[in-house]
Amino acid sequence: MHPEKLKHDFEPKIIAFVCTWCTYAGADLAGTSRMQYPANVRVLKFPCTGRIDPVFILKAFQQGADGVLVSGCHPGDCHYIAGNFHARRRFAAFRKLLEFVGVDLERLQFSWVSAAEGGKWVEVVTDLTEKVRNMGPMTEFKELALEEQWSGTIDTPELKEAYNAI
Amino acid sequence: MSRIGVFVCHCGENISRTVDVERVAAQVGKMPGVAFATDYKYMCSDPGQTLLKKTIQEQKLSHVVVAACSPRMHEKTFRKAVEAAGLNPYLCEMANIREHCSWVHEDKQEATAKAIEIVGMLVERVKKNRVLPTITVPVTKRSLVIGGGIAGIQAALDIADAGHHVVLVERDPSIGGHMAQLSETFPTLDCSQCIMTPKMVDVANHPNITLYSYSEIEQVDGYIGNFQVTIRRKARSVDEDKCTGCGVCMEKCPVKKIPNKFDCNLGMRPAIYVPFPQAVPNTPVIDRDNCIKFKTGKCGLCQKVCGPGAVDYEQEDRLVVEPVGAIVVATGFDLYTIDEKPKGSMIKGYGEFGHGKIPDVIDGMTFERLASASGPTGGKILRPSDGKEPKQIVFIQCIGSRAREKGISYCSKVCCMYTAKHTMLYHHKVHDGQAYVFFMDARTPGKAYDEFWRRSIEEEEAVYIRGMVSRLYQKGDKIVVMGSDIAVGVQVEIEADMVVLATAIQPRTGADSLAQKLGISYDKYNFYSEAHAKLRPVECATAGIYLVGACQGPKDIPDTVSQASAAAAKVMTLFAKDKLEREPIVARVKEAGCVGCFACKKVCAYGAVEEKEIRDRQGNLIKVVAYVNPGVCGGCGTCQATCPSKSVELDGYTDEQIVAMIEAL
Amino acid sequence: MTQTIDTTIYAAVSEAIQAEAKRILTAGEVTAVVGYAAARRKGSAQPIVITSAVDAQKLIFTPACVNNLAVYLTKAKKEIPKSGRIGIVVKGCDLKALVGLMGESQLKREQLYLIGVPCAGVLASTIQPDTGLTSDSIAPKCLECDAHLPQGCDFVPTQTPVSPELEKKYAAEIARLEALTPQERWAYWKEQFSKCIKCYACRQVCPFCFCEQCLCDRNKPQMVDTTPRPAGNTAWHIVRAMHLAGRCAGCAECERVCPMDIPLNLLNRKMAKELKELYDYEAGFQVNDKGPLNSYTEKDDQSFIK
Amino acid sequence: MGKTEGCKGLTKKYLPLVLTPKEFKFLFFSKVFVSSVLSVLSVANKGFRMQKYITEQNLNTLLDKLIAEGKRVVAPRMNAGTPLYEPLKNSGEIIIDQLPRRSGKEAFFPLCEDIMSYTKEGQKVELKDIDPSRFPETVLVGVRPCDAAAIPVLDAVFSWDYKDEFFLERRKKTTIVGLACTKADDACFCTAVGLSPSDTKGSDLFLTPLEGGGYACETFSDKGETLINSHAGLFSEPNNAKTVALAEPGTEAFDLQKVKAWLDEHFEDPAWDSIATRCVGCGACAFVCPACHCFDIVDEGTEKSGKRRKNWDACGFWKFTHHASGHNPRDQQPKRYRNRIMHKFKYYDDKFGQTLCTGCGRCIRLCPVGIDIAAIVEEISKK
């Protein structure tokens, strides 16, 4: 059958926020065309990129995502007239904010993938996965989640273990 | 705790080949809130759906996740099945483990692990799903048609014949539009007025049609099924109810030499006039700019001679409000005018073609009036400058159209055919004349179109020259036309008596402002945008508004009429129900948290957000909050992402559902 | 080198404010005036709402008059009766907030009587309110002030503030942080945010945090963890900065009131800078129907989108 | 304890005479009395068990030794430009000339702490408690009298009807080293609420800076003695050097009795509006207060696992009394601010006979809108 796949030391967790009309359909097309791409991506479906709140991206990183993808319809193709135009501005601003607080923007990808672009979906997902794999795990938010105010800290073995696990 | 049922589909081998479905079911069965998990060969099959329904009832399931193909494929199928089993259909979600998993990964271990996570995500999501009721909105079974050309007339007649009331609004004093101006029509050469005027009369006499001529749309409120349209009825200065259409006023009017727009300014009309004899309604209108009474306060002759006392100088514009359920937009087109560049025109000028300086360079519509039996020359082809019959006539196609460097890149679609028609009409009327046509390509798709075009060459002796005209200029009483024949590769110079330019079709001036009133989108040329170019060509993205004719893009009469009937059918489909049902994926405002900043309103592309006053029992205003009209909401959720306090929420895609999915990862 | 800022006009400005407040209250042009009054501690000032002309004499303007009083006119402050026209003492920076609030349907110009203050600057912190105003003690926002004389007010005292050109601290600090690596920036903010105690003083004084229920006070879902742990603190400050992007006009109240000295206005200024570069938008200069993040053009930059 | 039973709280313990209320009133208002009470207090402070001397250098050595022993040494230090009580990495970090921005209560009542964790699988939920015995041994050093005095006040509420093991266990494991205060500003008002810059209340070991360097050490508990005894070599006998000039807060003593009497009768009063209309409803005052002790309990985590956490809360917040029904009994800010005053000067007194304010002045310095609790109490006492 297929040759043995290369095993990696680190499998990044990639979360993709996509609109249902273009990118989700594009990913469906990649499926019906039996294209192959890394299994690291988890897709969350939205009606429109206009629905995607920046907080979701933050949440995704907090929940342990190593990379986040936001993808929707090309400009002018929005099923809802202008949702992606609003999203474009929102994320142009939000990524600047994340950058300023020290998030490496290489971990956050935006793309336009239409319902016809199964190939592009594969390319975007593969590129991001490989890029993030090379960067290693996103430790910043994970470390932060374990950190306590000094007064609430108890030096338990579990906590140390959790720390070392990152 | 929820009792979630998870059904993992093998899809034959499509899923099970790369995903260990049994393991998925076993793992998912351990997730918090899952009461039942199984796998099955074909979930979408009849027995599969039966299994689903049976299990819902036996296991008293509260929510369902079907892990199978893309929801774009079978979400409707399973939601229907779930509904049949007595659950709200929106308590069912699909986990896509085929297109997004089994088909795109080879490693079974990896694919299985991913499938478990995907299903886990949907399990968490479905827990937060709420029962969503079907949304119904009432339908006002009356329709508005904007524009009284052939497009509007056809749509209005079809809808009215189906038994629904139609309000037809026409900007000009008479309906008829461009088609009433034409002499004959291709490819059959029927007399345009002969086929058009009966329809106009039908409109006037139809019990289900209210005709507002000389009127314009002032304001449009509401949404599908429930529009409120305010119409400005411009002051006609003649009472339509009293006027008998005898025409005495027009005979007696002392001002007679006003160029008649209907005749492309070749003929003259009085200050009180109907644009053409067959006008509907046959009620004159006073052109207040040219009327002596309005200019100086004297005269008043028409009022004196009017038997029924219909002339009313005091008449003012009136606003009428009509409730309608659907709107058909059929505002038609303007021709790019060669003599005067309209303000804001995208066309960068055709000065080299005489540009209105040479009187015998005319446009196609002027030629139609010359050829028309009811036209200013009684159907004789005569030069506007000296009234002589032109013996050499040159037609130039694609003036304005298909010339990106000149401003617009689209093809006006009808010019090839009407130019062919013009050469024929010319040849029929000037037997010893010669017609030349400069053309880029002849575009003649359409039933009997190419045959028609060939006939103009083969039987009617038109000479077609492939190439564009580089320059033309007046020389004595001739017009020298210089161009190149690229087919042969020679320069051509023709001394013509008359030149006819096939100028571009453009949307009506003001099409954009009407679109803004209607809340519909338009392209960069101001042509109105259909919801989908192929599959929803007569609907707007804004529900309840339909497009007909050249306002949507250049079109000939047969296409326009078909589209009119299609739009009428759409309106009838809408009117076939007393209430409209729609998918309940709409935004809802949580009024307690709304602080009325209206950021939601600013980003709503549908104009679905309204301002709502919250008052206490004494009637004192507490605050103004947003209200999303569920009939208008498109369901994109941009408002929710924009709302700072998250006081507006898109049902089916709430923050709770999405955060639950993120936290499941 | 420490430079002294000339605030000698403030005494005359205070008198002018008193006279005008007295006049409009007496004439019934307004139902109340929101301004500053002296407080117990030496040199201190605090916000005050007066409804009677005899109280007009309480109004002052000093370098300790740091508050942006616009917050009292928002719906977040239900305690201030909003009936009738209200007079308010505003510095140029505060006026920008009012302008923003008008654009967001929170205030109407005709409901306000604006008493503008010619202002040379106020203190950075009022932990010691009797500090003299110098280039060291002045609020950093004042170093970048372009509105020493508020425009479009109903009344402005005639005095002209003297405002020497001073080093722009925010611009310099933003540039310094931008030059760091992401890891270094993360470390910087982590240290700052870890101090946060979630007292929400930044939110409560912000004129634009007028939501009746803050996103962070909602728990279905819990978008941002409420506990004052580093994780929840970081999320809160990111969300706050994002919500203010395109709206904040830089009154810097968030930063001034932070009991833990977190440089919050840096985030806001950074976002303002980015939105100016991206969409040529600056908050606070005119009443805009739509801000940069609830409007768009088809040609907006998308170089970051694949 | 009856309401009329003389002076409440702090002063009561040390009052050497039994006075009639009338006499009391007279005396309390005479400056003579105030100073005499203060002198009585300082005599009372002399209730030490052991007196020693330590040089600055030896104090630092002591701290480093304690750190080396694995104890958590918490003292004022700079964190990103802000002075805070925090664990020291070494004695060099300690700063003694600035009042930390947050009070010392944090060592016993953390800003945020876990109290339980949960995991879910299938239809099963598993809970796990926090073991307070794991709390580290702590020495809290350089605590200002206003911060130290608040801790015994908090003992009352945390060991009342419910014994809060999180507080009490930390209390048990912590030795408090107080430090006399040498600097005051016009926000300080410890003397107004019956304390002083040299008050040893709450301290196990109390340090007073001496002219010529070093500190006079006095112990007030076994813990204090243990600390000295276990490092006896670093301490020497008292050298009778003069105490450096201590701080002198300018605020006059409040008639707390009178304040309470007014509060007893004026739950509803228009004064609350004029006092607190300007309040913007943040939690800064409560969070920096050494005596405020309200907390919230929240669950944080996901559907699968998470923690139950306890964190500081403040009565100034709109959400503090917001009911699930949507009703809020303290619907406007003045009502919330009233609670702050009532709790400090009436309710806590009613319940525990103590005042819930030590006059540290933090809330005055840090209030975003300049609300001055000292000015308010002063105003009430004049009513």
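Looking only at the range B:73-100, count every residue that is within 14 Å of another protein chain (Cβ to nearest Cβ) and among the β-branched types (Val, Ile, Thr) and tell me the total.
Going through the range B:73-100 one residue at a time, the tally reaches 1.
List every residue pair whose Cβ atoms lie under 7 Å apart, where the two residues are 6 or more positions apart in sequence or sit on different chains, the first residue falls within the range D:54-66 and is closer than 9 Å to D:SER91 by Cα, and the second residue, located anywhere, is of a type outside the set (A, V, I, L, M, F, W, C) and crowded, with 18+ Cβ neighbours inside 10 Å.
Cβ pairs passing all conditions: D:LEU59/D:TYR215; D:ASN60/D:SER91; D:LEU63/D:SER91; D:ASP64/D:SER91.
Kindly indicate the residue of the range C:70-101 that is within 21 Å of C:CYS211 (Cα to Cα) and among the small types (Gly, Ala, Ser) and also nearest to the other protein chains (Cβ to nearest Cβ) among those meeting that condition.
C:ALA76
Do the conditions hold for A:VAL125, that is, is it touching a Phe, Trp or Tyr at 6+ places or on another chain (Cβ under 9 Å), over 26 Å from D:SER305 (Cβ atoms), part of a helix (DSSP H, G or I) and not aromatic (Phe, Trp, Tyr)?
The answer is yes for A:VAL125.
Pick out, from the range B:132-208, the strands (runs of 3 or more DSSP E) lying fully within it that include 3 or more residues that are at pLDDT 95 or above and either farther than 27 Å from B:ARG443 by Cβ or not aliphatic (A, V, I, L, M) (or both).
Filter on the range B:132-208 gives B:142-146, B:165-169.
Looking at (1) in a loop (DSSP other than H, G, I, E, B); (2) of a type outside the set (Val, Ile, Thr); (3) farther than 18 Å from D:PHE189 by Cβ, which is the one condition that is false for D:ASN311?
(1)
Between a first residue in the range C:116-145 that is within 18 Å of D:LEU366 (Cβ to Cβ) and touching a residue at least 12 places away in the same chain (Cβ under 8 Å) and a second residue that is part of a loop (DSSP other than H, G, I, E, B) and basic (Lys, Arg), which pairs have beta carbons less than 8 Å apart while being 6 or more apart in sequence or on different chains?
Pairs that qualify, where the first residue is within 18 Å of D:LEU366 (Cβ to Cβ) and touching a residue at least 12 places away in the same chain (Cβ under 8 Å) and the partner is part of a loop (DSSP other than H, G, I, E, B) and basic (Lys, Arg), are C:VAL122/C:LYS91; C:PRO129/C:ARG41; C:PRO129/C:LYS42; C:ASP130/C:ARG41; C:ASP130/C:LYS42.
Tally up the residues in the range B:12-39 that are buried (at least 22 other Cβ atoms within 10 Å of the Cβ) and away from chain D (no Cβ under 14 Å), please.
So the count comes out to 6.
Need the failing condition index for D:ALA375 against (1) surrounded by fewer than 23 Cβ atoms within 10 Å (Cβ to Cβ); (2) over 30 Å from D:GLU248 (Cβ atoms); (3) within 11 Å of chain C (Cβ to nearest Cβ), just the number.
(2)
Quick test for you: out of B:GLU656, B:GLU611, B:GLU581, pick the one residue that is of a type in the set (D, E, K, R), touching a helix residue (DSSP H, G or I) at 6+ places or on another chain (Cβ under 8 Å) and more than 30 Å from B:GLY400 (Cβ to Cβ).
Answer to the check: B:GLU611.
Checking the conditions here, which among D:LYS89, D:LYS65, D:LYS105 is within 13 Å of another protein chain (Cβ to nearest Cβ), part of a helix (DSSP H, G or I) and closer than 23 Å to D:LEU205 by Cα?
D:LYS105
Return yes when C:ALA201 is more than 14 Å from chain A (Cβ to nearest Cβ) and under 30 Å from D:SER103 (Cα atoms) and no when it is not.
yes
If a residue has to be under 14 Å from C:ILE262 (Cα atoms), buried (at least 19 other Cβ atoms within 10 Å of the Cβ) and of a type outside the set (Phe, Trp, Tyr) to count, how many in the range C:169-192 make the cut?
So the answer is 2.
Let me spell it out: the conditions are (1) touching a residue at least 40 places away in the same chain (Cβ under 8 Å); (2) on the phi > 0 side of the Ramachandran plot, and B:ASP497 meets all of them except one. Which number is the exception?
If we test B:ASP497 against (1) touching a residue at least 40 places away in the same chain (Cβ under 8 Å); (2) on the phi > 0 side of the Ramachandran plot, just (2) comes out false.
Scan the range B:120-131 residue by residue and report those that are assigned to a helix (DSSP H, G or I) and either within 11 Å of another protein chain (Cβ to nearest Cβ) or over 16 Å from B:PRO71 (Cα atoms) (or both).
Of everything in the range B:120-131, those that are assigned to a helix (DSSP H, G or I) and either within 11 Å of another protein chain (Cβ to nearest Cβ) or over 16 Å from B:PRO71 (Cα atoms) (or both) turn out to be B:GLY120, B:MET121, B:LEU122, B:VAL123, B:GLU124, B:ARG125, B:LYS127.
Can you list the helices (runs of 4 or more DSSP H) found entirely within the range C:220-303 that contain at least 3 residues being out of contact with any Cys (no Cβ under 8 Å at 6 or more places or on another chain) and within 7 Å of another protein chain (Cβ to nearest Cβ)?
Fully inside the range C:220-303 and qualifying: C:230-244, C:264-279.
Being outside the structural domain of B:THR140 (by TED's automatic domain parsing) and either on the phi > 0 side of the Ramachandran plot or hydroxyl-bearing (Ser, Thr, Tyr) (or both): is that true of B:GLY637 here?
yes
In the range D:290-304, is there at least one residue being surrounded by 21 or more Cβ atoms within 10 Å (Cβ to Cβ), within 7 Å of another protein chain (Cβ to nearest Cβ) and out of contact with any Leu (no Cβ under 6 Å at 6 or more places or on another chain)?
no
Sort out which residues of the range D:278-296 are free of Cβ contacts under 8 Å to residues at least 60 places away in the same chain and under 13 Å from D:VAL157 (Cβ atoms), and write them in order of number.
D:CYS294
I need a count of the residues in the range B:595-622 that are more than 9 Å from every other protein chain (Cβ to nearest Cβ), farther than 19 Å from B:TYR223 by Cα and of a type in the set (Gly, Ala, Ser).
Final tally of qualifying residues: 1.
Suppose we filter the range B:578-616 for residues that are charged (D, E, K, R) and within 19 Å of A:THR49 (Cα to Cα); how many remain?
3
The values are calculated or read from the model by the stated rules, or taken from the named source; none is laboratory data. Since the structure is predicted, the reported quantities are computational estimates derived from the model, not experimental observations. Neighbour counts run over all protein chains shown; Cβ positions are idealised from the backbone, glycine included.
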